[in-house]
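**Q** Here you go, one structure.
Derivation of every value follows stated rules applied to the coordinates shown; laboratory data play no part. Treat the numbers as computed from the prediction; the structure is a model and nothing was measured. Don't worry about glycine lacking a Cβ; one is built from the backbone with ideal geometry, like all the others, and counts go over all protein chains shown.
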Amino acid sequence: MSPSAAAPGGSRQALAAGLAGYVIWGLVPAVFILAGRAGASPLEIVGQRAIWAAPWAGLLVVIAGHGNQVARVFRNPKLLGQLAVSALMIVSGWTVYVWAVNNGHNIEAALGYYINPLLNMAIGATLFRERINAIGLAAIGLATVGTVLQALALGHPPLIALFLAVTFTIYGVIRKRVEVDAQAGLFVESLLMWLPGLGLVLWLAHAGVTKFATGAPVTLILLAMGPITVAPLAFFAWTTRRLPLSTVGFLQFTGPTIGFLIGLAVGERLTPLGLVSFGFIWAGVALFMLGAWRASRGLRLATA
């Protein structure tokens, strides 16, 4: 039985797993905010995330039985170099994202993750000669208008949103080209980030500005950086093999929506023009999902 033809019970489980993964991704800003309010700096949060992601990613590799792929990467300088660049994209995105959510820019950060799938579509057409239909072009156009309006609402270009969208898109392009499974790739990336993360945390400890091990609450929050980084990937990898792409595409926007709501909950200001800009973004997202649904439906009909 193919993944798309899974039994109804399996589909419900896959939907629950996918939703759980994206909800975790959406709630990650709240964890960063809690860590920040407990006194942890953005640099310490990033460092601790790099340290504790590695063992959890390694656990995924063991469960999936992909240790041979990890060994193959370290025997291949080209693969290792590609994953080093993708690791750089991850950690740079983490740094900007953690700083943004702890400095009142949750809504702008959410904008970046809304436009990321649409940017992926444009890059796919440019680099991989993927065909964009009229719906896709309209979705990209609406997102572009929304981004311009957001710049007007902010009074400056939405640099945080654009940086997050671009770095995550570059990450996606690299991972599309690298011939290694998700779990093995993440583990190698985590290993590459582990030593710099450890060095950063030790440097901060030497400067006397770390909060790790200074109290149970903040220590537990920082320890949680590992599972909240890796668990959504496990849910995502399991879900995408069992659900249609249209459903996965719909779930993808759960994360930034939760992040957007967190921004409102902590008192971030949303101007009328800013709301209009998000209206264009959400319209582009709706078209994106419509296009994904039509493509998935066409694929199922062709298979049948």
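**Q** Could you compute the FRET efficiency for Ala302 and Ile135, with r as their C-beta to C-beta distance and R0 at 22 Å, rounded to 0.05? Please list the in-between numbers first.
**A** Numbers: r = 18 Å, r/R0 = 0.83.
Efficiency, from the Cβ-Cβ distance: 0.75.
**Q** Let me ask something else. Give the calculated FRET efficiency between Arg75 and Leu15 to the nearest 0.05, with a Förster radius of 45 Å applied to their Cβ-Cβ distance. Present the calculation step by step, with values, prior to reporting the outcome.
**A** Numbers: r = 39 Å, r/R0 = 0.86.
My answer for the efficiency is 0.70.
**Q** Also: Working out 0.36 nm times the residue gap between Trp203 and Thr271, then minus their Cα-Cα distance, what length gain in nm do you get to one decimal? Provide the component values of the computation, followed by the final result.
**A** Details: separation 68, 0.36 × 68 = 24.48 nm, distance 4.04 nm.
Fully extending the segment from Trp203 to Thr271 adds 20.4 nm.
**Q** Below 14 angstrom from the Cβ of Gly67, what's the summed charge of the other residues (Lys, Arg +1; Asp, Glu -1)?
**A** Surrounding charge for Gly67 is +1.
**Q** Of (i) 19.6, 64; (ii) 17.6, 57; (iii) 26.4, 87, which is the value of Rg and Dmax of the Cα atoms in Å derived from the coordinates here?
**A** The calculated read-out lines up with (i).
**Q** Using helices alone, I'd like the mean residue ellipticity at 222 nm for the chain: each DSSP H run of four-plus residues gives -39500 (n - 2.57), total over residue count, nearest 500. The partial results should precede the final answer.
**A** On the way: 13 runs with 250 residues, N = 304.
It comes out at -28000 deg cm²/dmol, rounded to the nearest 500.
**Q** Tell me the label-point distance for the pair Arg37, Leu127, using the 7 Å Cα-to-Cβ offset, in nm and rounded to one decimal.
**A** 3.8
**Q** Name the residue, out of Leu19, Leu162, Leu195, whose mean-square fluctuation peaks in a Gaussian network model built on the chain with Cα pairs under 10 Å.
**A** Leu195
**Q** Continuing with the same structure: Mean-square fluctuation check for the chain, GNM, Cα pairs under 10 Å: which of Gly146, Gly279, Gly255 is largest?
**A** Taking springs between Cα atoms under 10 Å, the residue moving most is Gly279.
**Q** Could I ask something else about it? Say the dipole of the chain comes from +1 at the beta carbon of Lys and Arg and -1 at that of Asp and Glu; which of Val266, Ala302, Pro227 then lies farthest toward its positive end?
**A** Towards the positive end, the residue furthest out is Ala302.
**Q** Another question, then. For the stretch 62-132, which trypsin sites (Lys or Arg not before Pro) pass both filters: DSSP loop (anything but H, G, I, E, B) and at most 16 other C-beta atoms within 10 Å?
**A** Numbers: sites: Arg72, Arg75, Lys78, Arg129, Arg131; in loops: Arg129, Arg131.
Sites meeting the loop and neighbour criteria: Arg129, Arg131.
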